[in-house]
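Presented below is the structure to which this report refers.
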Amino acid sequence: MGLDAYVYRNRTRLPFAPSTPGVSIDDRTGVIDFDDPELYRRFADHVVAVHHRLGNVTLVNELHEEVQRGAGDKLPIITHTVLSSGAHCGDSIDLSRLDALERELYVLAALTAASRSPHMDEFLCHMLELVRTARVEGNPIYFG
């Protein structure tokens, strides 16, 4: 059990027509599912633009504690959405919140610069890549 974050490819960049029978695309999250096992085998590796394992439950809790020590409650998206649980699934960060999330990530980086753990370094890098990719793809960051 743990926390994974994804950004799915924009439907215009898929190697198949989004209206292909047996394919469903969630308009809110961009998540692409295949009802047809053959389509899944052919295209499953081509629908995710970026995926990062943010950590198992223990690591996510440690990251949450490190954020709390360094920034208190100044980072609501990071503390209440991203690191709220090591096993939340189905949540997403909408495109309208990406600017605010990016600001929080830079504030977190500045506040923890002197005492940041290697895990926090990795978290910051992964989250910034997810934000950049979400903008490019026009899809939210999805936790699954």
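The values are calculated or read from the model by the stated rules, or taken from the named source; none is laboratory data. Bear in mind that the values here come from a model prediction, so they are computed numbers and not experimental data. Cβ sites come from the backbone with ideal geometry, for glycine too, and all protein chains shown count toward neighbours. Ligands, DNA and RNA are stripped out before the accessible areas are found, and what is left, the full protein with its side chains, is counted by its heavy atoms. Shrake-Rupley method; radii C 1.70, N 1.55, O 1.52, S 1.80 Å.
Condition test on Ala5, is it within 13 Å of Ile141 (Cα to Cα) and in contact with a His (Cβ under 7 Å, 6 or more places away or on another chain)? So that I can check it myself, show each step before the final result.
Working: within 13 Å of Ile141 (Cα to Cα): yes; in contact with a His (Cβ under 7 Å, 6 or more places away or on another chain): yes.
Against the criterion (within 13 Å of Ile141 (Cα to Cα) and in contact with a His (Cβ under 7 Å, 6 or more places away or on another chain)), Ala5 qualifies.
Hey, among Gly72, Gly55, Gly90, which residue is more than 13 Å from the chain's Cα centre (by Cα) and at positive phi?
Numbers: Gly55 fails: more than 13 Å from the chain's Cα centre (by Cα); Gly90 fails: more than 13 Å from the chain's Cα centre (by Cα).
After ruling out the rest, the residue left standing is Gly72.
Identify, please: which residue in region 131-144 is in contact with a helix residue (DSSP H, G or I) (Cβ under 9 Å, 6 or more places away or on another chain) and assigned to a helix (DSSP H, G or I) and is, among those, most open to solvent (accessible area, probe 1.4 Å)?
Arg132
So, Ala113, is that one outside any helix (DSSP H, G or I), open to solvent by 50 Å² or more (accessible area, probe 1.4 Å) and either among the hydrophobic types (A, V, I, L, M, F, W, C) or over 25 Å from Pro18 (Cα atoms) (or both) or not? Give the derivation first.
Details: outside any helix (DSSP H, G or I): yes; open to solvent by 50 Å² or more (accessible area, probe 1.4 Å): yes; either among the hydrophobic types (A, V, I, L, M, F, W, C) or over 25 Å from Pro18 (Cα atoms) (or both): yes.
Spelling it out, Ala113 is indeed outside any helix (DSSP H, G or I), open to solvent by 50 Å² or more (accessible area, probe 1.4 Å) and either among the hydrophobic types (A, V, I, L, M, F, W, C) or over 25 Å from Pro18 (Cα atoms) (or both).
Only one residue in Ser85, Ser19 is within 25 Å of Asp99 (Cα to Cα) and not in a strand (DSSP E or B), so which one is that?
Working: Ser19 fails: within 25 Å of Asp99 (Cα to Cα).
Step by step, each of Ser85, Ser19 is checked, and only Ser85 is within 25 Å of Asp99 (Cα to Cα) and not in a strand (DSSP E or B).
List, please: which pairs have Cβ atoms under 8 Å, are six or more places apart or on different chains, and start with a residue in region 60-75 that is open to solvent by less than 30 Å² (accessible area, probe 1.4 Å) and end with one that is of a type in the set (Phe, Trp, Tyr) and at pLDDT 95 or above?
What qualifies is Leu63/Phe123.
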